[in-house]
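The values are calculated or read from the model by the stated rules, or taken from the named source; none is laboratory data. Bear in mind the structure is a predicted one, so any value in this text is a computation, not a measurement. Ideal geometry is used to build each Cβ from the backbone, glycine not excepted, and the neighbour counts take in all protein chains shown. All accessible areas refer to the heavy atoms of the entire protein, side chains included, with ligands and DNA or RNA removed. Shrake-Rupley method; radii C 1.70, N 1.55, O 1.52, S 1.80 Å.
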Amino acid sequence: MKRRNPIPQRTRIFLGCEGESEQSYGVLLARLVERQHQRIFLNTVLLRPGGGDPLGLVQLAERKKREAEKKSGSFAAAFVLLDSDKKGIVPARDQQAEALAVEAGLDLIWQEPCHEAIILRHLPNCDQMRPPTTALAISTLHARWPTFVKAMPASKLSSTLDDAHVRRARAVEPGLSRLLEALLFV
């Protein structure tokens, strides 16, 4: 009887996503990583209802991470994508969110000022663009990528964004770089 080689267990990474746009982006990253290697499983989790409040989102991420670990084992790393446009409204809650994140082993990736600005920085000649507001980030992104829509599925994101685009954004986004390092993205 032939002995089968066991399939190696993939390293599990948790990604808490403030909204559907972030979740689609996480799925895109998982697909790009899958083409490079099959050593990582990125568990993208929609944090609903989160309401944009950083503390509420971190509390929800901590709970969902804990529930997933009870079910399937621990994560090698855990990240949460958060828009920074809500940061600073209630500084005491922001401090609680940061403290809870440390305690729960969550690496917060603050999107300056929002997810659309991060997507903008993936595009050619846009990596240094820093729109100061969410409205300006969205309008600038639409000017550069007219067919972009909020919560665009990963399959549509991939028609424009590829490995090179992700590397471009990684060079100017430290939080994204930490996530990609954990994903062994090259």
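Points to keep in mind about this one:
- Residues of region 131-167 that turn out to be in contact (Cβ under 8 Å) with a residue 40 or more places away in the chain and either crowded, with 17+ Cβ neighbours inside 10 Å or closer than 20 Å to P113 by Cα (or both), as a count: 10
- Subset of region 168-186 [out of contact with any Phe, Trp or Tyr (no Cβ under 7 Å at 6 or more places or on another chain) and open to solvent by less than 80 Å² (accessible area, probe 1.4 Å)]: R168, A169, R170, V172, E173, L176, S177, L180, A182, L183, L184, F185
- Just one of the listed residues (R31, R39, R93, R63) is in contact with a Gly (Cβ under 9 Å, 6 or more places away or on another chain), open to solvent by 20 Å² or more (accessible area, probe 1.4 Å) and either of a type in the set (V, I, T) or at negative phi (or both), and it is R93.
- Qualifying residue in region 90-100 (condition: acidic (D, E), modelled with pLDDT under 95 and either within 25 Å of L157 (Cβ to Cβ) or touching a strand residue (DSSP E or B) at 6+ places or on another chain (Cβ under 9 Å) (or both)): no
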